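Let me begin by presenting the structure, written as structure tokens, before commenting on it.
The values are calculated or read from the model by the stated rules, or taken from the named source; none is laboratory data. All values derive from a computational prediction rather than experimental measurement. Cβ coordinates were reconstructed from backbone atoms using ideal geometry, including for glycine residues, and neighbour counts include every protein chain displayed. Calculation scope for accessible area: heavy atoms of the full protein, side chains included, ligands and nucleic acids excluded. Shrake-Rupley method; radii C 1.70, N 1.55, O 1.52, S 1.80 Å.
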Amino acid sequence: MTPDSLPAVLSGGDGAERSSTVGVGADDPWHQRMRLERELHDGPALRLSALALRLGLMSHRCEDPALAEGIAGVQDELHAVLEELRNLAGKLYPPILDEAGLGPALRQVAEHTDAPIAIVDNSERFGPALEGATYFAVAECLAALPVGAPAVEVAISREGDELVLAVTGLEPGATGRLQETARSLGGRADVGPSGSVTARIPCA
Amino acid sequence: MRVALAEDGALFREGLQMLLEAAGHEIVGSVADGDAIVRLLATEPVDVAILDIRMPPEPDGGLTAAERLRALHPDIGLLFLSHYAESHYLMRILGIGTERVGYRLKEKVGSVDVLSDTLERIEGGEIVIEPVLAKRLVEKPQGDKKGLISALSEREIDVLRLMAEGRSNNGIAGQLFVTPKAVEKHIANIFDKLGLQADTAAHHRRVLAVLTYLRSQREDG
């Protein structure tokens, strides 16, 4: 990489042709996270994917089977690196959360988790800050589920001007995390029996 | 095969162009956004259009362009490339079309063989799904399907995984080194154990039944 190509990477890299709609004039932490995810996607991730294609072309042109096998191994490594970048991007702000909201984003977490998790929602949207804070709080609780945990249900709905988050089947220790998040967002959370929490958070 | 591609990352677009040429395909055009590919294909016939999902018009110009392309030219195959392989996007793709569609990770089409195999299967009418995603769907079915999946034999799970990749009976037979007849038998057993209606006539409808089954939850149908 030449030194003068660096600023292009930082400003969106290879995907700089696009006109980003994310975070124009918005400097809150959630918009910053969205921008960082976007930079990972448009910069290093795209560059690595393009590298995988270049290696494929080299492999096609080389006549040494051992070398072709070696190239395939490097491509597998690139895939592993990209998996790590995808994990990292998910910790910043999963693009599906911005695009489709809490229900689909949490359903994606459920698909990547061993424990049986059901997500109930009716596609309501609550804005980046509320969705971001709620998503990461719930995702953290789900990640803490032990192997062989019983079924967990996460229900998201809007009642008047409140986001209502009802979770059942959590580990007893995990309910505090949701209470804390609800309080930090100006809401409250009631803990019920057997790992159930109902949080009510004001939303505009 | 005649192909066109739309991808807003110049480096990746150029890399894909070179690989397609090396594989002996004819590139009729290469553009950077969804509107441009719709304009291009208004006059240029192609077999398959290759689309980046996340490109202008934001946020997912590949999907909106594909909807328009499917309506205007129902015979054109659609290959979606993305940095993410997630069932949310798969369901959106299957909402656009259930025949001649493919969904693969960008870094996974980096070989002449894989790229050509993917394009040929799409042109042949199949659904092509990123193996990583198909595997995850089979190993982590939604809702209360886990018990039923665990009733399948190891070989039946292999067949189910390859079905979830959208492979035809012959394709599955080739991957597992068995006869198409044996595959048919496994599929009948799988459908029986999962309680699915076997529609043996239409390949894409059977694949769709499997995907819907693995993905559907009690609550959201």
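Largest first, the residues A:M34, A:M58, B:M18 sort by 1.4 Å accessible area into A:M58, B:M18, A:M34. Quick check: Cα centre of the range B:65-120 to Cα centre of the range B:128-168, how many Å? What the calculation gives is 20 Å, centre to centre.
Helix B:61-72 and the longest principal axis of the C-alpha atoms of chain B enclose an angle of approximately 90°.
Relative to one another, the C-alpha centroids of the range A:67-120 and the range A:144-173 are positioned 22 Å apart. Relative to the globular-protein estimate of 2.2 N^0.38 Å, the Cα radius of gyration of the protein assembly as shown stands at 1.02. In angstrom, the C-alpha Rg and Dmax of chain A are 21.0, 68. Plainly put, chain B has a radius of gyration that is 0.98 times its Kirkwood radius, both from alpha-carbon atoms, as the Rg/Rh ratio. Between A:V120 and A:A143, the modelled label-to-label distance comes to 2.7 nm, taking each label 7 Å out from Cα in the direction of the beta carbon. In this simple spin-label approximation, A:L36 and B:L176 carry label points 7 Å from Cα along the Cα→Cβ vector, and these lie 4.5 nm apart. Pairs from the list A:K91/B:K106; A:K91/B:K193; B:K106/B:K181; B:K106/B:K193; A:K91/B:K140; B:K145/B:K185 with a Cα-Cα gap above 29 Å: A:K91/B:K193; B:K106/B:K181; B:K106/B:K193.
Mean residue ellipticity, 222 nm, helices only, the protein assembly as shown: the sum of -39500 (n - 2.57) across DSSP H runs of n ≥ 4, divided by residue count and rounded to 500, is -16000 deg cm²/dmol.
Relative to the longest principal axis of the Cα atoms of chain A, the long axis of helix A:128-143 makes an angle of roughly 90 degrees. Across the range B:134-215, Cα-Cα distances exceeding 15 Å account for 50% of all pairs. Between A:D161 and A:T113, the modelled label-to-label distance comes to 3.1 nm, taking each label 7 Å out from Cα in the direction of the beta carbon.
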